[in-house]
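I have placed the structure first, in the form of structure tokens, so that the comments after it can refer back to it.
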Amino acid sequence: MKNIKDLSFWTDMKRNKNCIRYLLGFFGLKRGKGCAYLILKTTITAVDAVISLLYTIIPGLIINSLYDEIGYKTAAVYAAVLASIPLFNHLKEMTLRIKCSRLERELRRIFQAEFQSYIADMEYASLEDPNISMFTMMFSEHAPEAPFEMLDFIERLFSAVIRIFTISYIIIYMNPSVIALLIAAIAINSWVTKKLNEINHGYEMKQWRIEQRCQVAASNASSSKNGKETRIFGTKDFFIECYAKVARERNDLFRENMRIDGKWRTVHTVTSALQTAFLYAVAVVKVIAGTLAVGSMTIFISAAGQFSGTLSSIFNVYLEITSYTLDIEELMKFRSNATSKENSGERVPEYREDSVIEFHDVSFKYPGSDRYALRHLSIKLEANKKLSIVGENGSGKTTFIKLLTRLYLPTEGEITLDGVNIREFDPEKYQKLFAPVLQDFCLYTLPLSQNITFEEECDREKLKEALRKADIDNLAAKSAKGVDTYVGKSVDPEGFEPSGGEGQKIAIARAIYHDAPIYLLDEPTAALDPFAEYEIYKRFDEMITNRGAVLVTHRMSAVKLAENIAVFHDGNIIEYGTHSELYAKGGIYTEMFDKQAEFYRES
Ligand code: ADP
């Protein structure tokens, strides 16, 4: 992260220009709603500037006209104008402002959706990067605000420029030397504001890092997911203390920032107080000397106050844009990270009856790790053939699945589909070749049907078939609203809480419904009872007819369901073949098979 101090004025200007261009693009001026919003905002700003000018001048004009003989008539007209301003203002608020707020809400929703889609498009590997997850947390709050804040700056600049011309005229007319004093005071205060920006920007970045740790600690302490273990292991005090420690660090950081911030704010306040005292002194001396009318004195004081406020707001807006630019640059980096799928092509994969996915001497290290999780791995996956993968924990089975599905790309070697490197395919289209049942499958707070189909209006017949094959048609039938019953009770009290096994069956039904050419089954029956597991495996062929499958499992009896078996060890395949070939070999596979069979027999 660049420090604001390193930026020269011209670099600032260039960065600001780039960021404004980026944000206006993001704001979508071409969209009808964006344009309408901009026009409304500008009109409201112009009207506000005129109203504030009338409030500056009219009270003084009333006082001055009372000194004339028939001035009371003029005073009455001025008073009537003054009295009608709130009515006019009210009309503006009820029409323009309400319309503008409605458009703003709608645009915020659009930006929020765009931001969510950046995250969904991001390379999976980025999601595991702690820096990216901090920015995701930071920008999911800030990103939708960014275009509005930038627009606010531009609007303030526009309004300030209109006012400064009118007010300068009034002040120069009354006392030109005061302008020099006002500019000096503004220069001091702008310098102080720049200092405050530097301090607060540095604080914000540190604060977000601590905030991220705080959230993790708070969720360890209170997440309902950990509820069972928290009670049984009695970890409450331990987790609460972990949270308290990070929270204390956060408070210390906040206190330190407040101390430094307070020091600079004092300088700001003292300068402003001196400026006000000086203005009054000049005005009073001029009134006593008879060179300024009493009414004009009020106009002078009010105009000088406005001049000072407006000119410093021009400086401040510039400084704020500069400081904000640093955040926007992070957002731009984040966005390019999110949208650039590393080395991704646009080809659309075609998967045929004779297609082959092949790993050619593939090695892989996780980002930031210096250990190989897979090493010199070569294997072919033929269409419509089933492969079982076995191996001890940490041998690389899940990593193999992650590479096969292009969640990660190989560090060395390549993976091809019919001879084409999978990097050349559009990742989303390539990933559609797979129907996964992962160990850590997700259940969503959605109706059962949508949990399986991810569609508002699904093919009911196809859904029924998937439910039957996954052996949960009974569950759907006995639920309060059938397939429209919510999974989980947080939204609908009539929802149902699925058991681990039921959840796993929902995940299996999901894969069946999506009916991709290759099923990926990572311990698909780990949570099922022996009857359900037996049922699922008995129907394995029916479930996966004319489809390929990769089955990762520790159940040696299920391994036999596949034509080929790969035994993983230390990131490589050490045995490969059919069940009978491998069993006859008397190697690790035989040992694993016999050990499990022996265990079942003994117990
Ligand atoms: P298996 O599925 O066979 O249990 P994995 O493929 O999950 O094994 O893990 C293979 C190796 O990669 C292990 O040494 C594991 O610690 C490491 N590993 C897995 N996930 C990550 C990750 N996200 N970052 C770094 N190392 C990882």
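Table for the structure above
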read-out: Dipole-positive endmost among VAL246, TYR366, TYR519 within the chain (Cβ charges, Cα centre); value: VAL246
read-out: Over the chain, relative contact order from alpha-carbon pairs under 8 Å, at least 6 apart, %; value: 14
read-out: Accessible heavy-atom area order of ASP237, ASP370, ASP152, ASP492, highest first, probe of 1.4 Å; value: ASP370, ASP237, ASP152, ASP492
read-out: Cβ-based charge dipole, the chain, positive-most Cα from SER449, SER557, VAL437; value: SER449
read-out: Expected 222 nm ellipticity per residue - DSSP helices of 4 or more, -39500 (n - 2.57), all of the chain, to 500; value: -21500 deg cm²/dmol
read-out: Crossing angle, helix 588-602 versus the chain [Cα axis fit, 0-90 degrees, rounded to tens]; value: 80
read-out: Residues listed by number, the range 387-422, amide nitrogen under 17 Å from ASP354 label point at 7 Å toward C-beta; value: 417-420
read-out: Folded to 0 to 90 degrees: helix 146-174 orientation relative to the chain principal axis, Cα; value: 10
read-out: For the range 417-488: lysine pairs under 23 Å (alpha-carbon distance), excluding those fewer than 8 apart on one chain; value: 10
read-out: Separation in nanometres of the label points that stand 7 Å from Cα toward Cβ, at LYS489 and ILE183; value: 7.2
read-out: FRET efficiency for THR95 and ASP440, using Cβ-Cβ distance with R0 set to 51 Å, rounded to 0.05; value: 0.45
read-out: Separation in nanometres of the label points that stand 7 Å from Cα toward Cβ, at PHE254 and GLU329; value: 2.9
read-out: FRET E, pair ALA120, ALA293, Förster distance 56 Å, beta-carbon r, rounded to 0.05; value: 0.25
read-out: ALA281/ASP261 FRET efficiency (R0 22 Å; Cβ-Cβ; nearest 0.05); value: 0.10
read-out: Two-site label geometry, ALA480 and GLU563: point separation in nm, points 7 Å out along Cα→Cβ; value: 4.9
read-out: Virtual paramagnetic centre 7 Å along Cα→Cβ of ALA597, amide N under 11 Å, in the range 544-572; value: 557
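The values are calculated or read from the model by the stated rules, or taken from the named source; none is laboratory data. Everything numeric here is computed off the predicted structure, so don't read it as measured data. So basically every Cβ, Gly included, is an ideal-geometry build from the backbone, and we count neighbours across all protein chains shown. Calculation scope for accessible area: heavy atoms of the full protein, side chains included, ligands and nucleic acids excluded. Shrake-Rupley method; radii C 1.70, N 1.55, O 1.52, S 1.80 Å.
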